[in-house]
Ligand code: 5GP
Ligand code: MN
Ligand code: MN
C-alpha cells in the first residue's frame, strides 16, 4: 500500500483545499462509516472545505441517519467538479461510482481506500488491503499515520463500518487486529448495544412482513453449485410499494436466507428498475461467489459478493446457476 504517498497527499493540502470524499452507490455501513469517519478526521486536521457524496439515490438508509459527520454530505450535483483531492471509499471499481467516476480524472490527486480482492486498481494512490475486514480498518490506519486521535464521533462511524462488514464480528475476517481496533473504538465511550440495535435490529413492521413474503417463496435447489446447493428468493418494486418500504430495507433480507443449512450458496435478487436487478450472493464456504459476481459484471469477496443483472428474473437466476458450477472451490 502507498502509505507514504497517501500521507504526503493529505499533509501538503492547505486548510482551504477542496477535498471531496466519495463512496459506492447504495452505500452500506462500511461505505458511509469509513467515509464520514475519515472526513471527521480530516476536519480535526484543520481542513475546512470538505464535502462527501455518493452516486445514485441520495437518501441515507434510515439505520444510518444518526451517524456523526452527516453534515459533510452534499448532493452529487453540488459536489466539487475538480477537487484538489478526491478520496474514494469501499468501491471496488469505477462502475460503483456512477457519474462520480469522472471526478477521478479531474481531481488534483485521487486516493482509493478499499478492501475488495476484486479491486480493479483504478485511481491514483492505492490503499487497498484485501485482507482488511472493512475499508474502515484502512481509514483508521491512515488517520493513525496522520496523527489524528480517534474521538467518539470518528469511533462511532468506524464502529458501524467494522460491525457491518464483519457481520457483528462473526465473519472469518474478524482477526485479532479487528478486535484491537474495536477495543480502541469502544474505549472512546460509544455504546455498542445501542448502535447494534439501530443498525441491525430495527426495521418497520412493513419490512418484517415483506421479509415474510419473500422468505415464504424462497426456492431450494440442492443440485446447483455442483451439488452444494443454492437457495434464493427475490423482491420486486411492486413488493416494496405494497409494503410502503424503501429499497434499502432489502439489504438485510439475505441474512435469514443465508442461514439455510441445505445450501452453500444463497442469493437475493432485488428489482432496482424495470429489467434491472441488484443481486446479493453469499457462500457458506464451498463456493467463491466473487467469481460468479465478477463473471456477471460485479465484484465482492469470496463469501459475499454482488452484481447488477439485466433482463427478466428468470434470466438473471439462470446466469447465476450457469456460473456457480465453475465457482466451487477445491476441497
Ligand atoms: P451486498 O450483497 O451486501 O450488497 O454486497 C456484498 C458484497 O458484494 C459487497 O462487498 C459489495 O461491495 C459487493 N457488491 C455488491 N453489489 C455489487 C455490484 O453491483 N458491483 C460490485 N462490483 N460489487 C458489488
Ligand atoms: Mn460496501
Ligand atoms: Mn466494505
Name the residue, out of 156, 109, 134, that is more than 16 Å from ligand 3 (Cβ to nearest atom), closer than 18 Å to residue 27 by Cβ, in contact with a helix residue (DSSP H, G or I) (Cβ under 8 Å, 6 or more places away or on another chain) and touching a residue at least 60 places away in the same chain (Cβ under 8 Å). 156
Filter result for the condition that a residue is part of a strand (DSSP E or B), modelled with pLDDT of 95 or more and either in the same structural domain as residue 156 (by TED's automatic domain parsing) or within 16 Å of ligand 1 (Cβ to nearest atom) (or both), over 100, 113, 40, 36: 113
Go over the candidates 249, 257, 178 one by one and state the one that is at pLDDT 95 or above and closer than 24 Å to residue 295 by Cα. 257
Counting just the residues of the stretch 172-190 that are surrounded by 12 or more Cβ atoms within 10 Å (Cβ to Cβ) and out of contact with any helix residue (DSSP H, G or I) (no Cβ under 7 Å at 6 or more places or on another chain), which one comes out nearest to residue 152 (Cα to Cα)? 184
Output the number of the condition that residue 59 fails; it satisfies all remaining conditions of (1) away from ligand 2 (no atom under 16 Å from the Cβ); (2) assigned to a loop (DSSP other than H, G, I, E, B); (3) surrounded by 17 or more Cβ atoms within 10 Å (Cβ to Cβ). (3)
Do you know which residues across the stretch 61-97 are in contact (Cβ under 8 Å) with a residue 60 or more places away in the chain, under 23 Å from residue 142 (Cβ atoms) and within 16 Å of ligand 1 (Cβ to nearest atom)? 64, 88, 89, 90, 91, 92, 93, 96, 97
Please list, ordered by first then second residue, the pairs with beta carbon atoms under 9 Å, 6 or more apart or interchain, first in the stretch 22-38 and at positive phi, second in a strand (DSSP E or B) and more than 9 Å from ligand 2 (Cβ to nearest atom). 26/272; 26/278
What's the total number of residues in the stretch 72-100 that are more than 16 Å from ligand 2 (Cβ to nearest atom) and out of contact with any strand residue (DSSP E or B) (no Cβ under 6 Å at 6 or more places or on another chain)? 6
Residue list for the stretch 308-319, filter: farther than 12 Å from residue 271 by Cα and in contact (Cβ under 8 Å) with a residue 12 or more places away in the chain: 317, 319
Can you tell me which residue within the stretch 5-24, out of those that are within 11 Å of residue 42 (Cβ to Cβ) and more than 27 Å from the chain's Cα centre (by Cα), is surrounded by the fewest Cβ atoms within 10 Å (Cβ to Cβ)? 15
Exception for residue 120 within (1) within 16 Å of ligand 2 (Cβ to nearest atom); (2) more than 25 Å from residue 252 (Cα to Cα); (3) not in a loop (DSSP other than H, G, I, E, B) falls at (3)
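The values are calculated or read from the model by the stated rules, or taken from the named source; none is laboratory data. These numbers were taken from a predicted model, which means no experiment stands behind them. Because the Cβ atoms are built from the backbone with ideal geometry, glycine has one as well, and the counts that use them run over all protein chains shown.
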